[in-house]
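**Q** Here you go, one structure.
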Amino acid sequence: MRTTNIERNTSETNIRLSLNLDGTGQSSVATGCGFLDHMLTLFARHGRFDLDLSCEGDTWVDYHHTVEDVGICLGQAFAQCLGDKKGICRYGDIVLPMDETLMLCAADISGRAYLGYDVDIPNPKVGDFDTELAEEFMLGFVREARITLHFKQLAGKNTHHILEAMFKALGRTLRQAAAIDPDFAEEVPSTKGVL
Ligand SMILES: [Mn+2]
């Protein structure tokens with residue numbers, strides 16, 4: 001089982017996280033931001049990752065620090081779980097529909113951080129969540145996980161659908177990319193020999 005625990009305490013957030021990449025999609029998520037909890041529950045379910053996450057953040061300011069720091073911790077956990085990346089499929093992608101929304105997501109567990117974010121979200125808020133924070137979450141995640149990640153919104157009008165499609169697509173794509181390919185279980189999938 002590829003599992004890890006993270007604890008990260010700053011003056012802005014206190015986060016505890018446990019992740020099992022080879023789980024069944026069970027999660028317990030309490031970040032203090034209801035919309036982020038909804039997104040991470042979807043992410044875990046569709047990735048079939050087990051995720052236990054609590055965050056006490058300075059939400060009286062806004063959700064910025066909470067969302068960014070949860071992204072950072074999840075990225076750290078993902079990298080720790082992958083270890084030397086031996087046997088992983090490395091690449092994953094999906095074009096995920098949700099009603100009128102169509103979201104392309106592609107990932108390369110490359111050892112290099114890059115985020116392509118071609119997403120056009122119509123509303124600045126969904127509930128009390130600032131929708132621009134989705135990009136901050138993804139940036140925090142890719143920097144720490146050291147993966148290449150692209151989102152391209154092919155269609156979409158409803159803000160909730162667009163964000164939900166992003167997080168579902170992220171789960172599905174990472175599940176694929178992190179999965180062990182039985183034919184290459186003892187190999188690092190790079191001609192360089194290292195990822
Ligand atoms: Mn929803």
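**Q** By how many nm would the segment from Asp99 to Ala30 grow when fully extended, if each residue of separation counts as 0.36 nm and the alpha-carbon distance is taken off?
**A** 22.1 nm
**Q** Follow-up question, since we're still on this one. Please report, as a whole percent, how much of the solvent-accessible surface of the chain comes from carbon and sulfur atoms (probe radius 1.4 Å).
**A** C and S fraction of accessible area: 46 percent.
**Q** Let me ask something else. Can you show me the helix-derived [θ] at 222 nm for the chain, built from DSSP H runs with n ≥ 4 at -39,500 (n - 2.57) apiece and divided by the number of residues, rounded to the nearest 500.
**A** Only helices count here, giving -11500 deg cm²/dmol.
**Q** Treating the beta-carbon of each Lys and Arg as +1 and of each Asp and Glu as -1, no other charges, what is the dipole magnitude of the chain about its Cα centre, to the nearest 20 debye?
**A** It works out to roughly 620 debye.
**Q** Follow-up. Which far-off residues, 5 or more places away or on another chain, put their amide H under 5 Å from the one on Phe49, with H placed in the peptide plane?
**A** Amide H neighbours of Phe49, under 5 Å, 5+ apart: Gly25.
**Q** Residue by residue through region 114-129, which ³J(HN,Hα) values in whole Hz follow from phi under the Karplus form 6.51 cos²θ - 1.76 cosθ + 1.60 (θ = phi - 60°), with glycine and proline marked x?
**A** 7, 10, x, 9, 9, 10, 10, 9, x, 10, x, 10, 10, x, 9, 9
**Q** Would you grab the residues whose amide H sits under 5 Å from the one on Leu102? Only those 5+ places off in sequence or on another chain, please, with H modelled 1.01 Å from N.
**A** Leu154, Ala155, Gly156
**Q** Note down the nm distance, to one decimal, between modelled labels 7 Å out along Cα→Cβ at Asp58 and at Ser11.
**A** 0.7
**Q** Determine how large the accessible area of Asp62 is when every protein chain is in place; take a 1.4 Å probe and give Å² rounded to the nearest 10.
**A** Using a 1.4 Å probe on the heavy atoms, I get roughly 60 Å².
**Q** Next question. Quick check: Cα centre of region 92-147 to Cα centre of region 39-72, how many Å?
**A** 14
**Q** Could you list which residues have their amide H under 5 Å from that of Thr31, counting only those 5 or more apart in sequence or on another chain, with H placed in the peptide plane?
**A** Answer set, sorted by chain and number: Asp37, Cys55.
**Q** So in region 1-77, what percent of DSSP beta bridges are antiparallel if you round to the nearest 5?
**A** Beta bridges within region 1-77, antiparallel portion: roughly 80 percent.
**Q** Further question on the same structure: With the Cα gyration tensor of region 48-133 giving a ≥ b ≥ c as the square roots of its eigenvalues, does the rule (a/c under 1.5 for rounded; else a/b larger than b/c for prolate; else oblate) give rounded, prolate or oblate?
**A** Oblate, because a/c is 1.5 or more while a/b does not exceed b/c.
**Q** What number comes out for accessible area per residue over the chain if the probe is 1.4 Å? Units Å², please.
**A** 46
**Q** Among Asn123, Met166, Cys55, whose Cα projects farthest towards the positive end of the dipole of the chain, with charges put on the beta-carbon of Lys, Arg (+1) and Asp, Glu (-1)?
**A** Met166
**Q** Semi-axes of the chain's equivalent ellipsoid from the Cα gyration tensor, sqrt of 5 times each eigenvalue, largest first, rounded to whole Å?
**A** So the three semi-axes of the chain are 26, 20, 14 Å.
**Q** Continuing with the same structure: Pairs Lys85/Lys125; Lys86/Lys168; Lys152/Lys192; Lys125/Lys152: which exceed 27 Å Cα-Cα?
**A** Lys85/Lys125; Lys152/Lys192
The values are calculated or read from the model by the stated rules, or taken from the named source; none is laboratory data. Model, not experiment: these values are computed from the prediction. Using ideal geometry, Cβ is built from the backbone for each residue, glycine included, and neighbour counts are taken over all protein chains shown. The area values use the complete protein model at the heavy-atom level, side chains included, leaving out ligands, DNA and RNA. Shrake-Rupley method; radii C 1.70, N 1.55, O 1.52, S 1.80 Å.
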